[in-house]
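Below: one structure, written as structure tokens.
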Amino acid sequence: SILADDEPATRTILADRQAASVASLRVFEALLLAHKQGDRWAVGAHEIQAVGASLEQVGLTQAAGKLVSDLAGDAHYRLRLAQALIRRPDVLLLDEPDPALPLAAQADIAALLKHAAAEQGMRAVIAMADLHTALQVADKLLVLRQGRLVAIGTPDELRDPLRAGRIDMTPAPP
């Protein structure tokens, strides 16, 4: 559901493109740093376990010892997602995955986010250019064209109007 004025979120996190940009850190360290934000800096078994679980949740267990700068493809985006999820937000805002990623990888990330949102009981908002993936994983869609809202609804409500061309999805002129 869309946030209403009477439902304030206590913890909203924006996972922006700079979140995983400390190239000299290892993946495990970057995630631990995100976990400790706003908390005491002592690290114990609980923190180590939480980082390990988050790495597993986003499919980065094998990359824990890699430098952030060595991440390729969707791994960098998965780290950004893990850095946000480990902080247990009520609402998570995510920019779209790198358009250079294959559509299958973008769909995997979107499905991972949907599963994590359900598991953690949070709301997740992700910008997506791939309408096909959005229709597969979203509970609700807000369709924008040139920054203007042109449609809102569930995938079932919007699928036929989109296919029939009743919702203008032509790209904006450059």
By how many nm would the segment from Gln62 to Leu149 lengthen if fully extended, with 0.36 nm per residue of separation less the alpha-carbon distance?
27.2 nm
Between Asp130 and Arg163, what is the label-point separation in nm under the 7 Å Cα-to-beta-carbon projection?
2.0 nm
Percent carbon-and-sulfur accessible area, region 83-140, ignoring ligands, DNA and RNA, probe 1.4 Å:
54 percent
May I ask for log10 I(q)/I(0) of region 15-161 at q = 0.09, 0.10, 0.18, 0.19 Å⁻¹, from a Debye sum over the Cα atoms as equal point scatterers with solvent left out?
-0.30, -0.37, -1.05, -1.14
In nm, to one decimal, how far is the modelled label at Asp70 from the one at Leu93, with both set 7 Å along Cα→Cβ?
3.5 nm
For region 112-174 and region 63-102, what is the separation of their Cα centres, given in Å?
21 Å
Note the per residue figure in Å³ for the convex hull of the C-alpha positions in region 72-134.
70 Å³
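The values are calculated or read from the model by the stated rules, or taken from the named source; none is laboratory data. Just so it is clear, the structure is predicted and the values come from calculations on it, not from any experiment. Here Cβ is always computed from backbone atoms with ideal geometry, including for glycine, and neighbour counts include all displayed protein chains. Just so you know, the surface numbers come from the protein's heavy atoms only, side chains and all, with ligands and any DNA or RNA stripped out. Shrake-Rupley method; radii C 1.70, N 1.55, O 1.52, S 1.80 Å.
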